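Note sheet for the following structure.
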Amino acid sequence: MRSVLRFLALALAWLLIVVTGLAIWLHYTASRGSVAIYATAGVPFAILPGVLAALLFVVLRRWVAFFVSVLVIAGVCFTQGPLWVSQTPQAGDRFTVVTANLRVGSGDVADVADVADVADVAAAAAGAQLVALQEVTPLALERVRHSALGHRFPFVYALPGPAATGGVLLGRSALDEERRMPNMVMNNPGARTSVPGGPRTQVLAIHLPAPMSGHAGDWVHDMHLLKEQLQGLGDGPAIVAGDFNATWDHAQYRQLLTAGFADATSQAGAWWQPTFPTDRIGGRPLVAIDRVIVRGFVATSVRTFTVSGSDHRGVVVSLVTV
């Protein structure tokens, strides 16, 4: 009986190692199907089966297998390493950017306004210069315009839409060269504006479609289009904020980080800032799909905040001009 239990424990340990190794493979592979895309979002959790496998190998005194488990655990940690190491920016103008998903218009814009008007004391950054909103319906847009958020951000480029399709950019400074990102599923607005230290900054409010069953192709398609859009922006500072429905572990997301673009969470060394879903598991989000990408700036801090009525947490990023 004891030998049977040892065999089952050993088999379980190796199975856990396979699961952990699969997570590493998912991190480096451009996932295309819904199952693979969703599984990739869980890569950071893969360290748990790896650690459990290592403990089982120790109990079973399988030292070679234990060494293998340590290597696999290290492999998972390596995939997350860039999110741990912060950059030290040069002295420059500081400000914040806010992004929030309003969940088909039901999110409380007052929560966004409260955060957008508060300076980030820890980062010595002034209040928000730019707000990107997703899932903005026509009714939600009216609430935005008549709220404190609308008064504090006088320049608005709005592309409201039904259900989850609408997007809005709000700026402290004028928004010029307004345009809708072409051929994308959602209404993704783009413009040029001025921020401290960046007088002609390209700004995009992004929402990529959720890779639900039967719609993974839309996610892959829009990821590719977004990459083309970023490559076509030319030189100069840029801020891309929104709900990417992708995490650091999705290869397609990291492929956006070319031509000088960088992930704000990685720059700030903020590691894991989960934002979704907040309507399950006691309101504790599990995946970090709301993100900010920048060029010409360095993020010094990234934090999340509650948006009542939404299933996402909002994101506040403190930036310094370089």
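The values are calculated or read from the model by the stated rules, or taken from the named source; none is laboratory data. Only a predicted model underlies this, so the values are computations on that prediction, with no experimental measurement involved. Cβ coordinates were reconstructed from backbone atoms using ideal geometry, including for glycine residues, and neighbour counts include every protein chain displayed.
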Does ALA216 meet the test of being touching a His at 6+ places or on another chain (Cβ under 9 Å) and in contact (Cβ under 8 Å) with a residue 60 or more places away in the chain? no
Complete set of residues in segment 53-70 that are surrounded by fewer than 16 Cβ atoms within 10 Å (Cβ to Cβ) and in a helix (DSSP H, G or I): LEU55, VAL58, VAL59, TRP63, VAL64, PHE67, VAL70
In segment 23-41, residues that are loosely packed, with under 15 Cβ neighbours inside 10 Å and without any contact (Cβ under 8 Å) to a residue 40 or more places away in the chain total 2
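Among the candidates THR40, THR99, THR88, single out the residue that is among the polar types (S, T, N, Q), under 25 Å from THR304 (Cβ atoms) and assigned by TED's automatic domain parsing to the domain that holds ASP311.
Numbers: THR40 fails: assigned by TED's automatic domain parsing to the domain that holds ASP311; THR88 fails: assigned by TED's automatic domain parsing to the domain that holds ASP311.
Residue meeting the stated conditions: THR99.
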Would you mind stating whether THR300 is polar (S, T, N, Q) and part of a strand (DSSP E or B)? yes
The listed residue being surrounded by fewer than 24 Cβ atoms within 10 Å (Cβ to Cβ), over 21 Å from ARG303 (Cα atoms) and not hydrophobic (A, V, I, L, M, F, W, C), out of SER86, SER147: SER147
Output the residues belonging to segment 1-29 that are at pLDDT below 95 and either in contact with a helix residue (DSSP H, G or I) (Cβ under 8 Å, 6 or more places away or on another chain) or closer than 16 Å to ALA246 by Cα (or both). ALA9, LEU10
Taking segment 173-204 and keeping residues buried (at least 16 other Cβ atoms within 10 Å of the Cβ), of a type in the set (S, T, N, Q) and either within 23 Å of ALA163 (Cα to Cα) or within 22 Å of the chain's Cα centre (by Cα) (or both) leaves ASN187, ASN188, THR201, GLN202
